[in-house]
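Structure, as structure tokens:
The values are calculated or read from the model by the stated rules, or taken from the named source; none is laboratory data. Everything quoted here is computed from the prediction, not taken from an experiment. Don't worry about glycine lacking a Cβ; one is built from the backbone with ideal geometry, like all the others, and counts go over all protein chains shown. Surface accessibility is based on the protein's heavy atoms, side chains included, excluding ligands, DNA and RNA. Shrake-Rupley method; radii C 1.70, N 1.55, O 1.52, S 1.80 Å.
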Amino acid sequence: MTASCGAEPLRLLVNGRAQSIEGVPREATLLHLLRNDLGLNGPKYGCGLGQCGACTVHVDGVAARSCVIPAHGVAGRSITTLEGLGSRGSWHPVQAAFEEEQAAQCGYCLNGMVMQAAALLARDPQASEQRIRAELSGNLCRCGTHIEILDAVQRAAVRMREELNP
């Protein structure tokens, strides 16, 4: 990104770590900041219009399309990307379920599907199949793994309910 003269650094919390980024242009999107400045490649550039879901992140725990959010609009807020949701050996239940159900083919939609599902199950671990389908309906997948994705989210929901009520 190009430097902005005299601008204050942009401060936000990304994946639990305080970040202070210098020279973020006013027109920069959160997606560009995450990928270009912080090297986080979980969120993908898909449509650039907030319609495909490939760029989904959590902003203060709420699923949001990072390609249409101005970077400066999230100053001081908490951002979680796929990299911050969990990590190998310590997967988030949704990530683990996607792996177990082999719910990825090309993987381009995977970020959005996982992040959208994780936000839903954090709000509603009792989510029905109908609710899960509705929640994921705005995330585009062209590879045909829809059944596996649905199975993975339902598996994650069961696992998260079991964690809440052992």
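Return yes or no: is residue 28 farther than 23 Å from residue 123 by Cα, at pLDDT 95 or above and aliphatic (A, V, I, L, M)? Considered against the rule, which asks whether it is farther than 23 Å from residue 123 by Cα, at pLDDT 95 or above and aliphatic (A, V, I, L, M), residue 28 comes out as yes.
Out of curiosity, is residue 163 open to solvent by 90 Å² or more (accessible area, probe 1.4 Å) and touching a helix residue (DSSP H, G or I) at 6+ places or on another chain (Cβ under 9 Å)? Judged against the criteria, residue 163 is a match.
One line per residue, one yes/no per condition, for (1) part of a loop (DSSP other than H, G, I, E, B); (2) crowded, with 22+ Cβ neighbours inside 10 Å:
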{"residue": "20", "(1), (2)": "no, no"}
{"residue": "23", "(1), (2)": "yes, no"}
{"residue": "27", "(1), (2)": "yes, no"}
{"residue": "79", "(1), (2)": "no, yes"}
{"residue": "84", "(1), (2)": "no, no"}
{"residue": "98", "(1), (2)": "no, yes"}
{"residue": "111", "(1), (2)": "no, yes"}
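With respect to residue 43, determine if the residue is part of a loop (DSSP other than H, G, I, E, B), surrounded by fewer than 21 Cβ atoms within 10 Å (Cβ to Cβ) and not charged (D, E, K, R). When the stated conditions are applied, residue 43 does not pass them.
Return yes when residue 109 is within 17 Å of residue 47 (Cα to Cα) and over 13 Å from the mean Cα position of the chain (by Cα) and no when it is not. Judged against the criteria, residue 109 is not a match.
Anything in segment 128-138 that is open to solvent by 10 Å² or more (accessible area, probe 1.4 Å) and in contact with a helix residue (DSSP H, G or I) (Cβ under 8 Å, 6 or more places away or on another chain)? List them, or say none. 129, 131, 133, 135, 136, 138, listed by residue number. Applying the condition of being within 11 Å of residue 79 (Cβ to Cβ) and not in a loop (DSSP other than H, G, I, E, B) to segment 46-61 and asking which residue is farthest from the chain's Cα centre (by Cα) yields 59.
Of all residues in segment 123-139, those that are under 13 Å from the mean Cα position of the chain (by Cα) and in a helix (DSSP H, G or I) total 1.
Return the only residue of 18, 54, 63 being in contact with a Phe, Trp or Tyr (Cβ under 9 Å, 6 or more places away or on another chain) and of a type in the set (A, V, I, L, M, F, W, C).
It is 54.
Of all residues assigned to segment 141-149, at least one qualifies as being under 17 Å from the mean Cα position of the chain (by Cα), in contact (Cβ under 8 Å) with a residue 24 or more places away in the chain and crowded, with 18+ Cβ neighbours inside 10 Å.
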